[in-house]
Structure formats: structure tokens, C-alpha cells
Amino acid sequence: MARMKFICDTERCIECNGCVTACKNEHEVPWGVNRRRVVTLNDGVPGERSISVACMHCSDAPCMAVCPVNCFYKTDEGVVLHDKDVCIGCGYCSYACPFGAPQFPSQGTFGVRGKMDKCTFCAGGPEANGSQAEFEKYGRNRLAEGKLPACAEMCSTKALLAGDGDVVADIFRNRVLKRNKGAEVWGWGTAYGSRSQAREGGKS
Amino acid sequence: MKRLHIWLGLGLAMALSACGEKARTVGADAAPYTGPSGSMSTFSAPGWKAGDKTSWEQGMKVRAQYGQNDHAR
């Protein structure tokens, strides 16, 4: 059973926004809605890093947990999708999501707020695969066409990886080893610092 | 008398207007999406059989490796 995931390799991301453009073009996403965006940390400072962010299709998705009308569902491939016919545009999912994935178009059924729109991992929605209705509400269903998400397939440096979690994790791990690095490049210690690092920082 | 008939007619029309309303039901949506059903579009990737899960998974794996893993090329 595949578990579809995204990984962004920050060592490779060059902030070209090709993934954002590919997504907007593929799904004809309206003005003001960004299913995917590139975030740059320490912009302009040596060592700046960029990361492409969208819905991460969480295994235990908080948006699913808080939705009052239960419009979210998970496919067999582990893709978190939602039914726009059920969504009431309340915005709870946007508060719950740690990645800011849910977007609310300014035009649409509920006026200013609109029904929620987010990355579908190019897997469409509950309508028939490849149908016009599906395209109009959710965009293209590339997964049903045997393809991976457009953002990852379009990424010029292959910084953004998409696919089965095991496969993409393997590709990323292999890259890290080729860079002569090990487990120190990811995980809790890298993100938040280890205790010894904190102690050293306190001394200086 | 004529005025009374007009008022009666208007009242009857207002009273019966609700009879034309359609019943509203909850849960009339289509069944939720349960994964690719095997429908094949003109955009489908060449070489995989629609509806064949093993073929799809294999195709995805190959696509991920050849498309994204430049160390394996």
C-alpha cells in the first residue's frame, strides 16, 4: 500500500517557484489561492534555505480531526482529500493545519471566505476520475493517469520529491549519504538543536 | 361580493403556494472518492493498465525513481 508523501530537499531548492507555477497552471487555480508556495528562511543571509510547502497529506491529519462536517477523507494511497459539496467554508481546518495548506478563495459559494481549496496531491476529488466536474472543483487527477504531482515532476533541481513515502525517503537518504552526511541532517536535533549545543550556546 | 371573491382567491393562492415546494433531503451527495477506479483518460501515462493496481503501483515506483532519483540514472 502506497503512502503518498512530499519531501523538499532544502539543499537543492533554489526558490525558482517552478512548483508553484506548475500547480497553478495544471489545476487552473484562481487568483489569490496558492495550493503550494516557497518559503525562504533567513532570506538574504548567507546560508538561507528555501522550502516548498503545501498540504503534507498527514498520516493523522489535524484538518480531518477538526472538520465539523466531516468533509475530509483519505484515499487508499494515503492522500488527504475533501468534498467541496460538504465543506461549509468555516476555516477550522486552516487553524488546525500546521502548514497553512487550506486556502479560501475570495469568490465563490460563500462570498468572501469561499469553500476550502488545497493541494490534492494531483488526485482530484470525489467526482469521477478525469471528469469535467472534478476538474472544475479540484483540478487535474494526475494520479489516476499514472503520473506523480505536477509540482514534483516539474521541479528543475528535483528538490521536491513526491511519491510513495518509502521511495522518496530512500531517494533523499541516498542523496544525504552522497553528500557525506548522516542522520544529523534531519530530525529533532537538527530542527531544534541538541542539549549539548544549547549548553555550548549558553556558555559563549 | 366581487371583492370578497378576489380576497378569497388571493388567500387560497398564498395558502397553497407551499404545496409546490420540493422536499429537501440531507446526504444526497455522491459517494466519497475511494481511489482511482481505473477510468482511462487521454492524458494517461503510457504503459500502465487502468484498473490494474499492481501495474499502477509499479508505474508510480518507476516514475518516482527515474524521474526524481538522479543518482540512479
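Helix A:165-178 axis versus longest C-alpha principal axis of chain A: approximately 30°, rounded to the nearest ten. Sum up the charges of everything whose Cβ sits under 11 Å from the Cβ of A:GLY130, counting Lys and Arg as +1 and Asp and Glu as -1, but leave A:GLY130 out. My count for the surroundings of A:GLY130 gives -1. When the pairs A:LYS24/B:LYS61; A:LYS5/A:LYS181; A:LYS84/A:LYS118 are compared against a 20 Å limit on Cα-Cα distance, A:LYS24/B:LYS61; A:LYS5/A:LYS181 fall above it.
Among A:115-123, A:43-51, sorting by the average number of other beta carbon atoms lying within 10 angstrom of each residue, highest first, gives A:115-123, A:43-51.
Provide a whole-number value for the mean count of partner chain Cβ atoms within 10 Å of the Cβ atoms in peptide B:58-64.
Numbers: counts 1, 3, 11, 5, 2, 8, 13.
Going residue by residue through B:58-64 and averaging, the value is 6.
For the peptide A:136-147, the mean number of other protein chain Cβ atoms found within 10 angstrom of a residue's Cβ is 5.
For A:ALA61, the shell of other residues with beta-carbons less than 13 Å away shows a net charge of +3, using +1 for Lys and Arg and -1 for Asp and Glu.
The label-point distance for B:ILE6 and A:CYS90, in a model that sets each label 7 Å from Cα toward Cβ, rounds to 5.1 nm.
The mean number of partner chain beta-carbon atoms within 10 angstrom of a residue's beta-carbon across peptide A:124-130 is 5.
Any read-out appearing in this document is the output of simple, stated calculations on the displayed coordinates, not a laboratory observation. Quantities reported herein were computed from a predicted structural model and do not represent experimental measurements. Note that we place each Cβ from the backbone using ideal geometry, even for glycine, and neighbour counts take in every protein chain shown.
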